[in-house]
Structure formats: structure tokens, C-alpha cells
Amino acid sequence: MMALAAFVMCGVTAFYTHRAAHGRTAEERSAYAIGLKAGEQAPAHAILPTDAELNMIAQKYFQQQGSGDRQSWDFAFENGYTDGFKKTHGR
């Protein structure tokens, strides 16, 4: 019985930890998804933008969305963009 409870708790912890990796709020998860999609659509010959360039790209997208906490949104977008870029370009 103790082993089953420990197994369930580990599963629940892993689920919420993985979910939080892409943002804690719905807006942050949305920003991550938008960034992921933008990173995947980057041209094939492109290199990963610097942090400052990513911030500018995030601000451009944020102005289109216009809701939520800007700093959290920018951070989630940047993480999503980086993950999408690395996933598509293999770097």
C-alpha cells in the first residue's frame, strides 16, 4: 500500500513539474506555445538569436497579444522560441 501511494505521488509530482516547465499560468503556457511555433518556423539557415534579439521578438509578439504580465510573457516566449528552434534546427 505504501509503495502504491509513493508511486502515485511520484506520478503527480512529475506531471505538475513537467507542466510548470512551460509556464505556471495559462498566459505563460500560451506564450511558450507561440514562441515554440515561431522558433520552429525560423528559416533553415538562421542562427539562434541572442537574448536581446529574442527579447525584441517577444515584445513584438506581446504587442499583438496585449494581455498578461509582460515580463513573464517575454520569458515564456523566449524559452518556447529557443526550444522550437533547437528542435527544428538540431542545435
**OP:** May I ask you to list pairs of residues, at least six apart or on different chains, whose Cβ atoms are under 9 Å apart, with the first in the range 1-20 being farther than 28 Å from A33 by Cα and the second being modelled with pLDDT of 85 or more and hydroxyl-bearing (S, T, Y)?
**Re:** none
Subject >> Hits in the range 56-88 - residues which are of a type outside the set (A, V, I, L, M), surrounded by 15 or more Cβ atoms within 10 Å (Cβ to Cβ) and at pLDDT 80 or above >> reply: D74, F75, F77, E78, N79, G80, Y81, T82, D83, G84, F85, T88
**OP:** For the range 43-52, state whether one or more residues are among the small types (G, A, S) and surrounded by 16 or more Cβ atoms within 10 Å (Cβ to Cβ).
**Re:** no
**OP:** Return yes or no: is R70 among the basic types (K, R) and touching a Ser or Thr at 6+ places or on another chain (Cβ under 9 Å)?
**Re:** no
Subject >> Selection count where residues are modelled with pLDDT of 85 or more and of a type in the set (D, E), scope the range 14-50 >> reply: 1
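The values are calculated or read from the model by the stated rules, or taken from the named source; none is laboratory data. Keep in mind that what you see is a predicted model, and the values were worked out from it rather than measured. Don't worry about glycine lacking a Cβ; one is built from the backbone with ideal geometry, like all the others, and counts go over all protein chains shown.
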